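Trainee: Have a look at the structure that comes next, please.
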Amino acid sequence: MAKADPVIIVIEDDPPIRRFLRTGLSTQGFAVFEADTGKQGIVEAGIRKPDLVILDLGLPDMDGVQVIKAIRAWSGIPIIILSARSSEQHKIDALDAGADDYLTKPFGLGELLARIRVALRHSIRPQEQLQGDVFVTGSLKVDLNNRLVSVDDREIHLTPIQYRLLAVLVKHAGKVLTHQQILKEVWGPSYQENAHYLRIYMSQLRHKLEADPTQPKYLLTESGVGYRFKI
């Protein structure tokens with residue numbers, strides 16, 4: 001039996017952009033459904049159970065952040081924001097609400113497709129990357145069950161906080177996490193404004209895990225927003 005095309009719902013009120021996305025994504029093997037309001041998009045997501053949602057923040061009936069929260073109330077499907085709002089705070093608000101990634105208009109189809117592939121990989125967690133509680137990417141191996149980390153089969157000693165930070169990033173691999181999200185999970189709610197803690201420990205992790213800490217391969221910075229563990 002033929003495998004069904006991955007389903008993407010585009011929630012966007014601009015007809016030319018919807019048309020561009022429908023054409024571009026359809027030629028890449030995606031089944032595309034559209035909604036031009038937030039409420040319609042929420043209904044479409046509930047009915048069609050898509051593999052991914054592309055969402056504009058500036059919708060005519062409700063803010064896109066409200067749409068994210070509505071979908072997140074029942075589903076963990078990847079959500080990629082596609083918006084003309086380019087400020088760091090808009091990105092942080094959307095990501096804190098549960099979006100997986102953020103792309104600013106104008107955008108290129110090639111970059112959007114790359115981000116879709118990353119989001120879908122994160123969603124399905126391929127067997128070669130996650131086997132039980134073992135995450136493998138490149139030369140890095142993280143055994144979450146036994147709390148073991150190795151690079152090129154050489155065990156790396158991490159402090160408890162360094163390990164918790166890495167574990168949080170690995171569990172959300174491929175997804176942009178804001179500073180506040182990471183601080184809350186690693187240090188607790190009372191530390192959400194202490195971003196300097198995060199910078200210090202991220203630097204330490206890079207020196208232990210990256211071949212070149214100044215050009216990280218795994219622990220990527222999303223400028224002004226947070227970090228992403230690349231898969």
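The values are calculated or read from the model by the stated rules, or taken from the named source; none is laboratory data. In this text, all values refer to a predicted model and were calculated from it rather than measured experimentally. Note that we place each Cβ from the backbone using ideal geometry, even for glycine, and neighbour counts take in every protein chain shown. Note: areas computed on protein heavy atoms with side chains; ligands, DNA, RNA excluded. Shrake-Rupley method; radii C 1.70, N 1.55, O 1.52, S 1.80 Å.
Trainee: Alpha carbon centre of segment 51-111 versus segment 137-165: separation in Å?
Mentor: 32 Å
Trainee: Once you place label points 7 Å from the Cα toward the Cβ at Q40 and K208, how far apart are they in nm?
Mentor: 5.1 nm
Trainee: Per DSSP H run of n ≥ 4, the term is -39500 (n - 2.57); total these for the chain, divide by its residue number, and report the mean residue ellipticity at 222 nm rounded to 500 deg cm²/dmol.
Mentor: Details: 8 runs with 93 residues, N = 231.
Rounded to the nearest 500, it is -12500 deg cm²/dmol.
Trainee: Quick check: convex hull of the Cα atoms in the chain, volume per residue, rounded to a whole Å³? Please report the intermediate quantities before stating the final value.
Mentor: Values: hull volume 32.6 nm³, N = 231.
Each residue corresponds to 141 Å³ of Cα convex hull volume.
Trainee: Right, next: Points 7 angstrom from Cα along the Cβ direction at Q215 and A73: gap in nanometres?
Mentor: 4.8 nm
Trainee: Shifting gears a bit: To one decimal place, what Kirkwood hydrodynamic radius in Å is obtained for segment 43-128 from all pairs of distinct Cα atoms?
Mentor: On the way: mean 1/r = 0.0750 Å⁻¹.
About 13.3 Å for segment 43-128.
Trainee: Under a 1.4 angstrom probe, counting protein chains only, how are R121, R154 ranked by accessible area, largest first? Each step should come with its number before you reach the end.
Mentor: Details: R121 75, R154 140 Å².
Result, largest first: R154, R121.
Trainee: When Lys and Arg each count +1 and Asp and Glu each count -1, what net charge do the other residues less than 11 Å away from L82, Cβ to Cβ, add up to? All intermediate terms of the calculation are to be shown ahead of the outcome.
Mentor: On the way: positive: R18, R85, K105, R115; negative: E12, D14, D56, D101, E111.
Within the 11 Å Cβ shell, the charges total -1.
Trainee: Rolling a 1.4 angstrom probe over the protein chains, ignoring ligands and nucleic acids, what is the accessible area of R115 in square angstrom, nearest 10?
Mentor: Near enough 50 Å² of accessible area.
Trainee: Show me the ranking of peptides 97-105, 60-68, 205-213 by mean Cβ neighbours inside 10 Å, starting with the highest. Provide the component values of the computation, followed by the final result.
Mentor: Details: 97-105: 20.2, 60-68: 18.2, 205-213: 16.0.
Taking the mean over residues of other Cβ atoms within 10 Å, the ranking is 97-105, 60-68, 205-213.
Trainee: Could you give the length gained by full extension between L148 and S26, i.e. 0.36 nm per residue of separation minus their alpha carbon distance, to one decimal place? Walk me through the numbers on the way to the answer.
Mentor: Working: separation 122, 0.36 × 122 = 43.92 nm, distance 4.22 nm.
Result: 39.7 nm gained on full extension.
Trainee: For segment 1-104, evaluate the Debye formula with one uniform point scatterer on each Cα (no solvent term) and list log10 I(q)/I(0) at q = 0.14, 0.16 Å⁻¹, rounded to two decimals.
Mentor: -0.48, -0.63
Trainee: Can you tell me the accessible area per residue over the chain, all protein chains present, probe 1.4 angstrom, in square angstrom? Please report the intermediate quantities before stating the final value.
Mentor: On the way: 11380 Å² over 231 residues.
Averaged over the residues of the chain, the accessible area is 49 Å².
Trainee: Within a Cβ distance under 14 Å of V151, other residues only, what is the Lys/Arg minus Asp/Glu net charge? If you can, show how the numbers build up before the last one.
Mentor: Details: positive: K141, R154, R206, K208, K217; negative: D143, D152, D153, E155, E210, D212.
Taking every other residue near V151 into account, the sum is -1.
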